[in-house]
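Okay, so here's the structure we're looking at.
Bear in mind these aren't lab numbers, they're just calculated from the coordinates by the rules spelled out. Just so it is clear, the structure is predicted and the values come from calculations on it, not from any experiment. Glycine gets a Cβ as well: all are built from the backbone with ideal geometry, and neighbour counts include every protein chain shown.
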Amino acid sequence: MQWLERRLPFLGRFLRHLVDYPMPPVNWLWTVGACLIVGLALLVASGLFLALFYTPLPRLAFNAINTVERHVPAGWFLRSLHVGGADMTFAALYIHAGRGLWYGSYRAPRELVWWSGLCLLLLFMTTAFIGYVLPWGQMSYWGATVITNAVGDLPLIGPMLLSYLLGADGLGPVALHRFFILHIFLGFMALLLVGVHLVCLHGVGSSNPTLSTRRPDRTMRPFVPYYAARDGLAVCVFLILYAVLVFFLPGWLENPVNLLPADPLHTPPNITPEWYLAPWFAMLRAIPSRLGGLLVAAGSLTVLFLLPWLGGRTGPTGRRAGHAPIGWTLFFAAFLTLAAAGMHPPSPCWVWLSRLAILIWFTVPCVLLPLAARQENRSPTAVPGRGPADVRGR
């Protein structure tokens, strides 16, 4: 280390910053970020291995996946590691985002932390959808058909986007080749965006979940050893659950319909996406117009970007005001309802439940959250200009 530090002086300062990084008294939900980093690293490593054996041609892609699973030594394990990694990473990602919503981590001065995290969520969703198409199974092909048809309905830019994405032949060799390149490229972009997210976080510090309680704790402790040990334990639990999914529950990793090669002449009776994309698929089906469904799905993410203004710029976390906990509980229930609706056939019951969940999704951040922020600002216990931004207790 001394030899390296004499030649790379910034390395020692960087390592000392990581060790001495001051942390407020956060709870176990803050350890999910470390699990996300481990999950993304395993996804990239296993994905690079799979790319060595993949052939981006419709007549060879499905057989290439079967070859990896049946004939390549330990290929079945690395394929399951990659597919299961998507499930585990998205589960951790949604818990991480839900923690940020519940504790108001989107407020000033953490807007850049929140926005970079949302961009990472969008990047993960796009990469996962493209990766779902690559096996060229029956569900992959028809799921891509539904999404590309919806994108094509966008006025002015829709046909242009499809021409760049699919080429002149629709879902065929050109489209699959471009999906393969984009999947690899976006995977490395996710690594870069994780670095940006961490830089934004270390610039302002972590939020303090105790500031909204009756006994706020402003004690700051170094990251090592206090919180590094906690993150390490959380990562161990994450890897145990990961191993259980890969070794004992392999049937959960892939839709059985997708084990059949793509057949453009035979439409599956029920087109369903993976569970982590199901809420937005349910939004597309709940609106009669394909363009309207696409706009609603885009708007559902747009309101999350607007939370720094909708939820108040300063002040303690929203848990103090009466409306915010109820609102976020309804919001999480709406998310789970949309996920369940997207994985079931589009019956009238699920369609109306989806529409109710969409209404709750937009009502909570656009109506209940501003009311909670106004109530919080009028609270006699609120201190002007102080709140979660003041994590160091200055």
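Per-structure values
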item: Amide H partners (placed H, <5 Å) of residue 104, local residues excluded; result: 318
item: Cα pair distances exceeding 27 angstrom across the chain, given as percent; result: 56
item: Under the span-like rule (Cα at least 15 Å along the axis, Kyte-Doolittle mean at least -0.5), DSSP H helices of the chain; result: 9-20, 32-51, 58-70, 75-102, 111-133, 138-152, 173-204, 228-247, 290-305, 323-342, 348-363
item: Estimated FRET transfer efficiency (residue 374, residue 218; beta-carbon r; R0 35 Å; 0.05); result: 0.85
item: Among 236-242, 86-92, the order from most to least packed when residues are scored by Cβ within 10 Å on average; result: 86-92, 236-242
item: Within-15-Å neighbourhood charge of residue 91 [Cβ basis; K, R +1; D, E -1]; result: -1
item: Gaussian network model of the chain, springs between alpha carbon atoms under 10 Å - residue of 111, 376, 69 with greatest fluctuation; result: 69
item: Mean-position separation - Cα centroids, the stretch 1-55 and the stretch 182-213, in angstrom; result: 12
item: GNM result for the chain, Cα springs below 10 Å: residue of 58, 250, 73 fluctuating most strongly; result: 73
item: Listed residues 179, 14, 188, most fluctuating in the chain (Gaussian network, C-alpha, under 10 Å); result: 14
item: Sites residue 347 and residue 122 - FRET efficiency at Förster radius 35 Å, r taken between beta-carbons, to 0.05; result: 0.75
item: Loop trypsin sites (Lys or Arg not before Pro), the stretch 205-247, which have at most 16 other Cβ atoms in a 10 Å radius of their Cβ (DSSP); result: 214, 218
item: Interchain or long-range residues, amide H under 5 Å from residue 23's placed H; result: 221, 223
item: The stretch 33-51 residues near the modelled residue 191 label - backbone nitrogen below 19 Å, point 7 Å along Cα→Cβ; result: 34-51
